Each structure stands twice: as C-alpha cells, then as structure tokens.
Amino acid sequence: MLYRHSTEMFTQHNEHMRGGNGTVTVKHLLKPDEMLGKGRLFAELTIPPGASVGLHRHEGDVEAYYILEGSGRYRNNDDVYDVAAGDLTLVDDHNCHGLENTGDTPLRLIGLILFTGDRQ
C-alpha cells in the first residue's frame, strides 16, 4: 500500500521545459521506480499563462495529457488542437508533441508516460 501526503510529493520547477517558454511546475505523483517498470512519469503539471512545454519527440514511450483546468494549444507533429478541461491527448512512440497555455489562468493537467514494447 502507498499513501503519500501532498506535501511529501517531489515538485520541480522547470524553466523552458523541453525548449518551451516560462516555468512549468511538475508535481510527481509517483516516482519512476514506483511504476513497476511500465513508465517513467505520473505527475500533475501546471503551466502558467503564456508558458509552454516545447515540441519534443518521444522514443520508446508514449505520453498522455489529461487536462484538469484551463485551456491551451496542443501540437502533435504538424496537427494543432485547442484543448480544455476534460480533454485527453496521446502522443504515439516516435512522434512529437508540445503544449502551450493560451488562456489567462493556469493550465493544469495529469501527464502519464508509459514505455512501449520496445523499451520494456
């Protein structure tokens, strides 16, 4: 069994995350070694207005974003989508994605990175 109080979770403040703008806060809900070898990230991300996670490629894993609050612009390779609370995105292995907060409130989401068969 695992119980971790919110204040015990490791939080990072990543400036220019993946080449993006501003500072993104990443609150790690599970540590990589707690993901049973199936993934490397399960976290809550907070992207302030005007900030972004830069466009980056996934190799050996996939990443899902579940939007909790706010709105933004999600890019998957050459496709661009407006996203808001309740939306889900998934970037496939060997593809690129990025996310920009285009709203006037923080964009909060859950990020989950799972390994593909090539990496397990």
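The values are calculated or read from the model by the stated rules, or taken from the named source; none is laboratory data. Here the structure is a predicted model, which is why all the values come from computation and not from measurement. Here the Cβ is made from the backbone with ideal geometry for all residues, glycine too, and neighbour counts use every protein chain on show. Protein only, heavy atoms only, side chains kept; ligands, DNA and RNA dropped before computing areas. Shrake-Rupley method; radii C 1.70, N 1.55, O 1.52, S 1.80 Å.
The set of residues from segment 101-120 being surrounded by 14 or more Cβ atoms within 10 Å (Cβ to Cβ) and closer than 25 Å to Gly60 by Cβ comprises Leu109, Ile110, Gly111, Leu112, Ile113, Leu114, Phe115, Thr116, Arg119. Does any residue of segment 4-21 turn out to be among the basic types (Lys, Arg), part of a strand (DSSP E or B) and either touching a residue at least 60 places away in the same chain (Cβ under 8 Å) or open to solvent by 40 Å² or more (accessible area, probe 1.4 Å) (or both)? No, there is no match, as no residue in segment 4-21 is among the basic types (Lys, Arg), part of a strand (DSSP E or B) and either touching a residue at least 60 places away in the same chain (Cβ under 8 Å) or open to solvent by 40 Å² or more (accessible area, probe 1.4 Å) (or both).
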